Amino acid sequence: MADLLHVDLTQRTATRNALAAEHEMLGGHALSSAIVAQDVDPKADPLGPDNVLVYAAGILAGTVIPNTGRLSVGAKSPLTGGIKEANSGGAAAQKLARLGLRGLKVTGRADALSVLEVSAGGGRLVPADDLQGLGTRETVRLLRERHGDGVAIVCIGPAGELQFKASAIVVTSPDFRLRTAARGGLGAVMGAKNLKALVIDDSGGPGVTAADPAAIKAAASALTKGIRAHPAMVALEALGTPFLVNVANGLGSLSTKNFSAGQFEDAAAISGEHMVEIMGARPNSDPKHSCMAGCVVRCSQVYTDQDGSEITSGFEFETLGLLGANCGISDLDQLARIDGLCDDLGLDTMEVGAAAGVAMETGLLPWGDGAAVHELLSKVTAGDANAALIANGCASTGVALGAARIPAVKGQGMPAWEPRALKGTGATYATSPQGADHTAGNALPSPVNPGYDPSSPIGQDQMSQFLQAYFAAIDSLGFCLFPSLAALDMPELQGHLVAAVAALTGRELPEGYLIALGTDVVMMEREFNRRAGFTPADDRLPAFMVREALPPGGNRFDVSDADLDGMFAG
Ligand code: SF4
């Protein structure tokens, strides 16, 4: 079984031990939350030395199962004040797994900015004075130059060093493009610990051996075939996640102009269809990029300018929804530049987009002015007070500007799916221990489930509870959310995932394994938050979403408080 590397930054020690017996069958989200719940005082200062930062590979990381290289990062969140897990693609989790590590637990605080080198020899802290203040691109370039192409890098930008609460953690893909564990301000936790980067080198590691190699191969082959046959995966491969812009707009659920409408008049201009058309005419653009080895969907992309210079990569639906429709910005090149700048600063584009929408509604920024957003963000490191507002997230921006409409739950800015049109998604945003989160359990209509009405207030509690458990389990396997949507529609694929865990570990798994695993995670997180001081009053959408009808469908959020409070009740 796998090990855990405990790095004490204060003492500058690294100790490798077998995972505790109660954590042996956990990975990813489940492992990061279990360690945080066990080791962190819920009342601790998220930016103090007593917070614990966990990087966890999924249970299936490093195996032949496709799309299983997500890295979970967990800690108490400086943005929400609750427990947090944010995950990212990239190469880091597979390298940890090949070193025989399921995770890293980082405690204390280094006395100076440091890089943690993780290898078969253990963990080693080295000074990072020369990386101080650098953007993530230059940080990655320098570390790659020093350590070679065989490593994965996890790092923060200047936003994390300055401990802004919308700070993200960047993870490199196999070709050193940037992905992010974006939500919850976990980049600020890294910054507060004086940890600029991890460099993970898996050379000489033991690799991952399955208890039943033939069975895990069979599961991999069945999963690959099933995932690739699903129509949404075909669309994701062709158009990337931006294909969801037209889907959300068609459902009247695309967050528009600070969540005042569900359809954006310029949706076509920021759609996946338009993006692919633009990329088709530009040198060096790549509309089918993989963020990790073993991905069979390839939903990512590399977006270049007319001369073929890269502007950004991983240019996703949530960014387009929140910085695009939500801010009334319809110029894809401008959005790509903002996305690229956020990645380099190490900022969460979702939190920034939600904050910028509030800033536009209150008059701090002009509606639809991408250049103004870019200019403001470029002053984040220069001590500009308005830039700092945005970099601290949507909720604090709204409070500081006296906004009446702040689209956030538990302090976290809302994703781009409008919850009044998708009420199961709204129930998830309201009750998830993560705050409003796009990976916690979106409930979307599906041809496979024609009886599901996303606009009905009835039954959304059950739908949301099931999905919250399902996605917490998926994140614990390290499986990517997108193919997990195919597995939602094709339950036989869930069976193959469970068979893969059994084949890897040699353990028999009970009926209902996935949902039981995910339910345990969510219940544990809810208990942490309760001890941190959260109450049922925190499990609500903003009042304006209950009060205001959303054009064009006219929906208000009317899932009852009793239904919300009854979720995960026992
Ligand atoms: S489907 Fe997209 S997000 Fe998932 S592993 Fe592949 S490229 Fe990464």
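Selection over region 230-248 of residues that are among the small types (G, A, S) and more than 13 Å from the ligand (Cβ to nearest atom) gives a count of 1. Scanning region 264-298 for residues that are within 15 Å of the ligand (Cβ to nearest atom) and among the small types (G, A, S) gives G272, S290, A293, G294.
Do we have any residue at all in region 159-171 that's of a type in the set (D, E, K, R) and closer than 26 Å to G81 by Cα? Quick ask: steps written out before the conclusion?
At the first step, the residues of region 159-171 found to be of a type in the set (D, E, K, R) are 161, 165.
With closer than 26 Å to G81 by Cα added as a condition, the list becomes 161, 165.
Within region 159-171, one or more residues are of a type in the set (D, E, K, R) and closer than 26 Å to G81 by Cα.
Just so you know, in region 507-527 the residues that are in a helix (DSSP H, G or I) and charged (D, E, K, R) include one that is surrounded by the most Cβ atoms within 10 Å (Cβ to Cβ), and it is E525. Against the criterion of being among the aliphatic types (A, V, I, L, M) and part of a strand (DSSP E or B), L198 qualifies.
The set of residues in region 184-214 being open to solvent by less than 40 Å² (accessible area, probe 1.4 Å) and touching a helix residue (DSSP H, G or I) at 6+ places or on another chain (Cβ under 7 Å) consists of G187, A188, M190, G191, K196, A197, V199, I200, D202, G205, G207, A210. Of all residues in region 378-420, those satisfying the criterion of being over 21 Å from the mean Cα position of the chain (by Cα), open to solvent by less than 10 Å² (accessible area, probe 1.4 Å) and of a type in the set (A, V, I, L, M) are V380, A387. Within region 299-336, the set of residues being under 25 Å from L251 (Cβ atoms), touching a strand residue (DSSP E or B) at 6+ places or on another chain (Cβ under 7 Å) and within 16 Å of the ligand (Cβ to nearest atom) comprises S300, Q301, G314, F315. Among the residues of region 246-267, count how many are within 19 Å of A436 (Cα to Cα) and aliphatic (A, V, I, L, M). So the count comes out to 3. Cβ-Cβ distances below 6 Å connect the following pairs, each with a first residue in region 528-541 that is of a type outside the set (G, A, S), a second residue that is assigned to a helix (DSSP H, G or I) and at pLDDT 95 or above, and a separation of six or more residues or different chains: F528/A37; P536/D565; D539/A430; D539/T431; D539/L564; R540/A430; L541/G426; L541/A430. Going by the conditions given, is P66 open to solvent by less than 20 Å² (accessible area, probe 1.4 Å), part of a loop (DSSP other than H, G, I, E, B) and of a type outside the set (K, R)? Judged against the criteria, P66 is a match.
Among residues of region 486-502 that are within 25 Å of P447 (Cα to Cα), those with a beta-carbon under 6 Å from a residue that is among the aromatic types (F, W, Y) and modelled with pLDDT of 95 or more at least six positions away or on a different chain give the pairs V498/Y513. Each residue in region 61-102 was checked for being within 11 Å of the ligand (Cβ to nearest atom) and of a type in the set (S, T, Y), and 2 of them qualify. For region 533-570, what are the residues that are within 20 Å of A440 (Cα to Cα), outside any loop (DSSP other than H, G, I, E, B) and not hydrophobic (A, V, I, L, M, F, W, C)? P536, D538, D561, D563, D565, G566 - these are the residues of region 533-570 that are within 20 Å of A440 (Cα to Cα), outside any loop (DSSP other than H, G, I, E, B) and not hydrophobic (A, V, I, L, M, F, W, C).
For region 44-54, the count of residues that are under 25 Å from G393 (Cα atoms) and not in a loop (DSSP other than H, G, I, E, B) is at least one.
Out of region 218-229, which residues are within 12 Å of the ligand (Cβ to nearest atom) and either among the aromatic types (F, W, Y) or open to solvent by 10 Å² or more (accessible area, probe 1.4 Å) (or both)?
Going through region 218-229, the residues within 12 Å of the ligand (Cβ to nearest atom) turn out to be 227-228.
Within region 218-229, just R228 meets the criteria.
The values are calculated or read from the model by the stated rules, or taken from the named source; none is laboratory data. Bear in mind that the values here come from a model prediction, so they are computed numbers and not experimental data. Note that each Cβ is placed from the backbone with ideal geometry, even for glycine, and that neighbours are counted across all protein chains shown. Surface areas here come from the heavy atoms of the whole protein model, side chains and all, with no ligands, DNA or RNA. Shrake-Rupley method; radii C 1.70, N 1.55, O 1.52, S 1.80 Å.
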